[in-house]
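Down below is the structure, laid out as structure tokens.
The values are calculated or read from the model by the stated rules, or taken from the named source; none is laboratory data. Predicted model only: the values in this text are computed from it and were never measured. FYI the Cβ positions are ideal-geometry reconstructions off the backbone, even for glycines, and counts take in every protein chain you see.
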Amino acid sequence: MKNYIFCDPDLFSGKNVNNSLGNKLLHIFFVINLANKKNMKPVLPKNNIINQLFEINDKYLFNFDHKYTQQYIYKNIECKYRENSAFSYYNSKNIYEHYLKKILTKFNSKTKNLKLSIEQSRKQYHEARNFFETENINKNFYVKGHFFSYSLMPKKEVLFDYINIKKDMIDNLKKKFPDCENEDTLCIHFRATDYQGHLGEYFNKGIKLPKSYYINALEKINYKNFQKIYCLSDDLYEFREMLKDVKYFDKLHFVDNNSSIEDWLMIFLCKNIIQSNSSFCWTASLFNKVKTIQPSNGYNFYDNSANSSIPYDFIFKNSQTINFSS
């Protein structure tokens, strides 16, 4: 009988049930890949935002959002791997420690914080890869972390052996955007609202991508050759203002009537993508892509130094990259 790998109970319970789709998918994709690697059964969440998008066989489902369930897991099942974040205050045991560490980072220079974060991101990657490749475990366990690493993600055929996107979701999206899977359709994603000031203790210019990235990416992918270009964002006004001066602006269609799940699915279905540096866009861009553009160094886009990517293993094998230019 196979042993079980459980998802992180905290990530799929309480106030976390219906938020952070990208980070949840990173975690689930890793758990599935790990289970497949170690010949175990993944235990996946029930009754949350993931289940609105994916069809999951009942034999893999488990309701993490119940206090007795959580108590049972914490009492009887060991956490065999806890990912250490590249950002120190996310490695906290409770909310008080989190805020204390966040205050302490403000006493360091951003240069020092960033240097430490780059080193920790590299260490995080190697530790997770070592656990994935070498650790042999013969009992049930759970893991904690986001696992924002290309090398840790499953192949498409592995992923869809466990979960599948709901057919009605795909059919409904194709009715709205019948050309979304065409070879001459391009999708662009811009993450804005919650990236303003996010991780400001580490990044002088923040992590929100600038206009220059999208202009350079459009040129690199030869956007004039695409018949339709769909622009997706959590702030379409800012995105439209950013791109209003591009030469072929009439090709751009700013999609304002999608849910976040529909945005994710649209990125997934589209064969060509100019990515943002968010886990939301990143997970949706993992498969089906003919052309994909990514920002060099991920969150650390404004730093063109070699080996300074955060996350460390951010870039896809089939991607072209854009470096920062002022």
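Quick notes on this one:
- Cross-chain or 6+ apart pairs with Cβ under 7 Å, the range 303-326 first and exposed (fewer than 12 other Cβ atoms within 10 Å of the Cβ), then not polar (S, T, N, Q): Asn318/Lys289
- Number of the exception - Ile293 against (1) within 20 Å of Lys155 (Cα to Cα); (2) assigned to a helix (DSSP H, G or I); (3) among the β-branched types (Val, Ile, Thr): (2)
- Listed by first and then second residue, the pairs with beta-carbon distance under 6 Å, at least 6 apart or on different chains, first residue in the range 191-203 and in contact (Cβ under 8 Å) with a residue 40 or more places away in the chain, second in a loop (DSSP other than H, G, I, E, B) and buried (at least 20 other Cβ atoms within 10 Å of the Cβ), are Arg191/Ser276; Arg191/Ser278; Tyr195/Ile207; Tyr195/Lys208; Leu199/Ile207.
Listed here are the residues, each with its yes/no results for (1) assigned to a helix (DSSP H, G or I); (2) within 22 Å of the chain's Cα centre (by Cα); (3) not assigned by TED's automatic domain parsing to the domain that holds Tyr150.
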site	(1), (2), (3)
Cys231	no, yes, yes
Phe239	yes, yes, yes
Met242	yes, no, yes
Lys247	no, no, yes
Asp250	yes, no, yes
Asp263	yes, yes, yes
Ile267	yes, yes, yes
Ile273	no, yes, yes
Ser276	no, yes, yes
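- Single condition Lys251 does not satisfy, out of (1) under 20 Å from Asn222 (Cβ atoms); (2) in contact with a helix residue (DSSP H, G or I) (Cβ under 6 Å, 6 or more places away or on another chain): (2)
- Filter pass, Phe132 being in the same structural domain as Gln70 (by TED's automatic domain parsing) and among the hydrophobic types (A, V, I, L, M, F, W, C): yes
- Those residues of the range 56-101 which are assigned to a helix (DSSP H, G or I), more than 23 Å from the chain's Cα centre (by Cα) and surrounded by 12 or more Cβ atoms within 10 Å (Cβ to Cβ), in sequence order: Thr69, Gln70, Tyr72, Ile73, Tyr74, Glu97, Tyr99, Leu100, Lys101
- Residue match in the range 104-117 (condition: of a type in the set (A, V, I, L, M, F, W, C), part of a loop (DSSP other than H, G, I, E, B) and either at pLDDT 95 or above or under 21 Å from the mean Cα position of the chain (by Cα) (or both)): no
- Screening Asp161, Asp179, Asp168 for residues that are surrounded by fewer than 18 Cβ atoms within 10 Å (Cβ to Cβ), in a loop (DSSP other than H, G, I, E, B) and out of contact with any strand residue (DSSP E or B) (no Cβ under 6 Å at 6 or more places or on another chain) leaves exactly one candidate, Asp161.
- Flag not set for Lys208, criterion: basic (Lys, Arg) and exposed (fewer than 14 other Cβ atoms within 10 Å of the Cβ).
- Residues (among the aliphatic types (A, V, I, L, M) and buried (at least 21 other Cβ atoms within 10 Å of the Cβ)) located in the range 119-142: Ala128
- The single residue among Ser212, Ser151 that is assigned by TED's automatic domain parsing to the domain that holds Leu252, farther than 13 Å from Ala86 by Cβ and of a type in the set (Gly, Ala, Ser) turns out to be Ser212.
- The listed residues are Asp184, Asp179, Asp171, and the only one of them that is in contact with a Lys or Arg (Cβ under 6 Å, 6 or more places away or on another chain) and of a type in the set (Asp, Glu) turns out to be Asp179.
Results for (1) of a type outside the set (Ser, Thr, Tyr); (2) over 19 Å from Cys180 (Cβ atoms), shown as yes or no for each residue.
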{"position": "Glu219", "(1), (2)": "yes, yes"}
{"position": "Asn225", "(1), (2)": "yes, no"}
{"position": "Ile229", "(1), (2)": "yes, no"}
{"position": "Tyr237", "(1), (2)": "no, yes"}
{"position": "Asp245", "(1), (2)": "yes, yes"}
{"position": "Ser259", "(1), (2)": "no, no"}
{"position": "Leu269", "(1), (2)": "yes, no"}
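- Looking across the range 280-291, the residues that are modelled with pLDDT of 95 or more and surrounded by fewer than 21 Cβ atoms within 10 Å (Cβ to Cβ) come down to Leu286, Phe287, Lys289, Val290, Lys291.
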